[in-house]
Amino acid sequence: MSCTPPPLSAVRGEILHFLSDPAVDSPDAWEHFADGVLIIRDGHVAELGPAADMRAKLPSDITPADQRGRLIMPGFVDTHIHYAQTDIIASYGEQLLAWLEKYTFPAEARFADTAHAATVANFFCDELLKNGTTTAMAFATVHASSVDALFGAALKRRMRMITGKVLMDRHCPDFLRDTAESGDAESRALIERWHGRDRLLYAVTPRFAPTSTPEQMDLAGRLYAEHPGLYLQSHVAENRGEVEWIAQLYPEARSYLDVYDRFGQLGERSVYAHCIWLDRADRERMAATGSAISFCPTSNLFLGSGLFDLEQARELGVRVGLGTDVGAGTSFSMLQTLNEAYKVLQLNGQRLSAERAFHLATLGGARSLYLDDRIGNFLPGKEADYVVLDPQATPLMARRMANTTTLAERLFVLMMLGDDRTVAETHVMGKMAWRR
Ligand code: GUN
Ligand code: ZN
């Protein structure tokens, strides 16, 4: 029997990754190597350390890929995005409910066509990789085949993808409506087909409480509880008109979040986008149940939804990740999303340090998805997803970088001026998946 050792590779450059949340554990929250080497075996992190120490640990025939002058970080984790809204990003003039009617529902109707779904899914995955995003939690559409298309595209690229069929059986156009029974049956078939295959995970996906009947909400909560490791994704408390609508639909509920709670939809691996118009009791309930928030700043500004309160979420111990929320969000770039996160928090009298920002985009996102045992940093055994960022990507960035002295300053410039041009390479499970 031949015993071929698993493939080994290495990359050398400036390396930064987080071990915990800098807001809580600073300054031991990260490891930084000005000249480091990351060793990868069989798609997983084998070892990380200063280049001088790592040379002896590598066989003589392995030369690390030379990325000196660039910054290597774990792949970004986008905790909320809609692949079927790729073609309506930057649609003018509306707030949430009118925007859904005018732009979103017509765009999602096109996903009844499986060829269209496959084309968009492939474009979408490439766009994520181009922006350094290696893990995403994404909405598909009400069509089960739209989920097949996205999982298929992610599988080809070996990305970590969490998605699910949208459940929507009322208050939407007929052409996008399922029923409580068909939504449940189709979700179950998709779980059988995809959940746990390679790096793919399934999320029960009630769009938001207004577009599901109590029967559908009940079945969704049961399905989520039934399967180990299953996710649930939805939207909550994004827009004030939406919150008023929910108060009319569910007068008995204490709050919008309480509607999900009553249907058993809070808990570990449940992720709620936006969470702007929550009160303290809601946030306490999210923390107690292990539910996570996806903070989507570009979307919240674009739709005029409101300003997220990161401080209170942290104070109460709620898990928080960052989401682009394309197509209400205006960029696939997690760097641009950090830029706008910083501005949203400024408007709310809060600060987002660069260290906290990059933690949010990597390990924080992984933790919000309960995937921090597999992704989010470079501890040995983790899946080797990483980005190579070019601090000199544009003439302006190069000039501004020349005027920095600390790592924190350089990181802040990266998140304020960076975008897809800054992502020189993206590697998935140790293999190059994108190069500029
Ligand atoms: N609430 C319900 N559906 C959506 C959606 O597609 N986008 C956003 N931003 N909010 C929603
Ligand atoms: Zn969304």
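Read the figures in this text as sums done on the coordinates, not as results from a lab. This is a predicted model, so every value here is computed, not measured. Counting neighbours? That spans all protein chains shown, and the Cβs are built from the backbone with ideal geometry, glycine included.
Could you give the alpha-carbon Rg of the range 165-303 over 2.2 N^0.38 Å, rounded to two decimals?
Numbers: Rg = 14.6 Å, N = 139, 2.2 N^0.38 = 14.3 Å.
Normalised Rg, Cα atoms only: 1.02.
Starting from 0.36 nm per residue, how many nanometres of slack lie between residue 66 and residue 374 once their C-alpha separation is accounted for? Could you put the intermediate results ahead of the total?
Values: separation 308, 0.36 × 308 = 110.88 nm, distance 2.56 nm.
Gain in length upon complete extension: 108.3 nm.
With all pairs of separate Cα atoms included, the range 284-335 yields a Kirkwood hydrodynamic radius of 11.7 Å. Label sites at residue 287 and residue 312, each approximated as a point 7 angstrom past Cα along Cα to Cβ, lie 1.2 nm apart. Distance distribution P(r), the range 174-248, all Cα-Cα pairs, bin width 10 angstrom from 0: 17, 46, 29, 8, 0 percent. In plain terms, if you count all Cα to Cα distances in the chain and split them into 10 Å steps from zero, the share in each step is 5, 23, 33, 25, 11, 4, 0 percent. Where both partners of a DSSP beta bridge lie in the chain, what percent of those bridges are antiparallel, to the nearest 5? Antiparallel bridges make up about 45 percent of those DSSP assigns within the chain. Taking the DSSP bridge list for the range 1-139 and keeping only pairs wholly inside it, about 65 percent are antiparallel.
The Rg/Rh ratio of the range 130-182, with Rg taken over Cα atoms and Rh as the Kirkwood radius over Cα pairs, comes to 1.08. Close amide H pairs (under 5 Å, H built 1.01 Å from N) link residue 270 with 232, 292, residues at least 5 positions away or on another chain. Multiplying each eigenvalue of the alpha-carbon gyration tensor of the range 266-375 by 5 and taking the square root yields semi-axes of 19, 16, 13 Å, largest first, rounded to whole angstroms.
In sequence order, the range 95-109 has phi-based couplings of 9, 2, 5, 6, 4, 4, 5, 7, 10, 6, 4, x, 5, 6, 4 Hz under the Karplus curve 6.51 cos²θ - 1.76 cosθ + 1.60, θ = phi - 60°, and Gly or Pro positions carry x.
When the expected Rg is taken as 2.2 N^0.38 Å, what fraction or multiple of it is the alpha-carbon Rg of the range 1-56? Present the calculation step by step, with values, prior to reporting the outcome.
On the way: Rg = 14.4 Å, N = 56, 2.2 N^0.38 = 10.2 Å.
It is 1.42.
Packing, taken as the mean count of other beta carbons within 10 Å per residue, orders the peptides 184-193, 134-143 from highest to lowest as 134-143, 184-193.
Evaluated at q = 0.10, 0.12, 0.14, 0.23 Å⁻¹, a Debye calculation over the C-alpha positions of the range 1-112 (equal weights, vacuum) places log10 I(q)/I(0) at -0.57, -0.68, -0.75, -1.25. Geometric descriptor of the range 324-436, per residue, is 127 Å³ (volume of the convex hull of the Cα atoms).
Residue by residue, the range 65-79 carries 3J(HN,Hα) couplings of 4, 8, 10, 4, x, 10, 10, 9, 9, x, x, 6, 10, 9, 8 Hz when phi is fed to the Karplus relation 6.51 cos²θ - 1.76 cosθ + 1.60 (θ = phi - 60°); x denotes Gly or Pro.
Extents of the range 69-116, largest first, come to 46, 30, 18 Å (Cα atoms, principal axes, whole angstrom).
Here, the range 111-242 has an Rg and a Dmax of 14.4, 41 Å when only alpha carbons are counted.
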